[in-house]
Amino acid sequence: MNQIGKLSEREVTDRDLYLRRRDFLATGARAAMLASLPGLAACGGDPPAQASEASPPAGTRALAHVVPAPERFRTDEPQTPREDATTYNNFYELGTDKDDPARNAHRLRTQPWSVALEGEIAKPGLVPLEDLLRPHALEERIYRLRCVEAWSMVIPWVGIPLGDVLRRMNPTSKARYVAFETLYDPEQLPGQKRRVLDWPYREGLRIDEAMHPLTLLAVGMYGETLPGQNGAPLRLVVPWKYGFKSIKSIVSIRLQADEPVTSWNQSAPGEYGFYANVNPEVSHPRWSQARERRIGDWRKRPTLAFNGYGDQVASLYAGMDLRRNY
Ligand SMILES: Nc1nc2c(c(=O)[nH]1)N[C@H]1C(S)=C(S)[C@@H](COP(=O)(O)O)O[C@H]1N2
Ligand SMILES: [Mo]
C-alpha cells in the first residue's frame with residue numbers, strides 16, 4: 001500500500017503557505033518585498049492584489065505527490081483558465097445561472113465526508129473519504145469537457161481511476177452497472193428547495209464504462225482540491241460523454257444488475273439518453289451538436305465523436321445503434 005494518495009494534513013500543503021510560496025516563485029523579489037511589509041505580514045496571508053487574479057477559490061488546498069498524466073490521458077491543447085472553470089459552472093443544486101455555484105459554494109460543507117458503497121459488492125458500508133482514497137495514488141488527467149449545451153473546456157483534473165476503486169469493492173457477478181448519487185441536503189444545496197430535477201442528482205455508467213481507464217473519480221483540479229462549485233470533495237469525470245454524466249459531490253456508489261435511473265434522462269428522456277456519448281451526428285432536439293464553443297474562444301469548432309476519445313472508447317459500443325442509444 002502506498003501513501004501517495006492520502007489526503008492528510010501532512011501531505012496537503014496549507015493554502016496560505018502555498019500562496020506565499022507560489023507568489024514568491026512567480027514574482028520573485030517583488031513578492032518577497034511585499035510579504036515583508038509589516039501590514040501584509042500581519043494580516044494572515046492575503047496575497048498581494050496583483051496576484052489575486054490567479055488565486056485559487058476559497059477553501060481549496062494544494063495537492064502534493066500527484067503523478068503526472070501519461071500521454072494518452074492528457075491533451076496539449078491550451079487549458080481553460082482556472083478563473084473560468086471555477087466561475088462558469090453547471091451545479092443546479094447551487095443555482096441555475098452559470099455564476100450561482102461559485103457564489104453559493106460556501107454553503108457546502110465537505111469535511112467530514114463519507115461515501116456509501118452499496119449493492120452487489122463484498123462488504124457494503126459507509127466509508128470516510130480519506131479511507132476510500134488512502135490506497136490510491138493521485139493522478140493528473142488533462143481532459144476536454146464537452147457540455148451538452150455546446151460549450152467546452154480543457155481541465156487538468158486530479159483523481160484516481162474509478163476502476164481501481166471498484167475493483168477494491170469486489171463486485172459480485174451480478175454487478176453490471178454503477179449508480180451514483182449527489183448529496184441531498186437543501187440547507188447546503190439550496191437549489192434542492194426548487195424542483196428543477198427530482199433530487200438527489202443521479203447518474204450511472206455501464207460497468208465496462210466505469211472500469212475504463214479514462215474514467216476518473218476526481219478530488220482536485222489545477223493542482224488543488226476541488227472547489228465546491230466543481231463538485232467537492234468527490235466528482236466523476238467521464239471525458240467522452242456529455243458533462244452531465246460527470247456527477248458532483250458524490251455520497252453513494254452502488255453496483256447493481258439493472259440500468260440506473262439518471263436525473264436528466266428521467267427529466268427529459270427525449271433529450272438526454274442514458275449513454276450521452278458526445279456525438280456530433282445526433283442533434284439535441286433543440287440544437288445541433290455538430291459544433292461547440294471552447295470557453296475563451298470566439299469562433300466555434302467542430303465537435304469530435306466521443307469528444308476525441310474514440311480510439312480509446314469506441315469499441316465499448318461495437319454493434320450498438322448510437323442514434324437509438326443516445
Ligand atoms: N450534482 C450535479 N452534478 C453535475 C451537474 C449538476 O447540476 N448537479 N451538472 C453537470 C453538468 S451539465 C456539467 S456540464 C458538469 C459541469 O462541471 P464543471 O462545473 O466542473 O465544469 O457537471 C455536471 N455534474
Ligand atoms: Mo452540461
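Brief remarks follow.
- Pick from the range 190-218, criterion surrounded by fewer than 19 Cβ atoms within 10 Å (Cβ to Cβ) and among the β-branched types (Val, Ile, Thr), ranking: farthest from Ala318 (Cα to Cα): Val196
- Of residues in the range 130-167 being of a type in the set (Lys, Arg) and outside any strand (DSSP E or B), the one farthest from the chain's Cα centre (by Cα): Arg167
- Selection status of Glu181, within 30 Å of Gly308 (Cβ to Cβ) and open to solvent by 30 Å² or more (accessible area, probe 1.4 Å): yes
- Scan of the range 300-326 for residues that are surrounded by 11 or more Cβ atoms within 10 Å (Cβ to Cβ) and assigned to a loop (DSSP other than H, G, I, E, B), ordered by number: Lys300, Thr303, Leu304, Tyr309, Met320, Leu322, Asn325, Tyr326
- The range 105-129, subset of a type in the set (S, T, N, Q) and assigned to a loop (DSSP other than H, G, I, E, B), residue least open to solvent (accessible area, probe 1.4 Å): Thr110
The values are calculated or read from the model by the stated rules, or taken from the named source; none is laboratory data. A quick note: this is a predicted structure, and the numbers were derived from the prediction, not measured. Cβ sites come from the backbone with ideal geometry, for glycine too, and all protein chains shown count toward neighbours. Side chains are part of the model used for accessible areas, which takes the heavy atoms of the whole protein and leaves out ligands, DNA and RNA. Shrake-Rupley method; radii C 1.70, N 1.55, O 1.52, S 1.80 Å.
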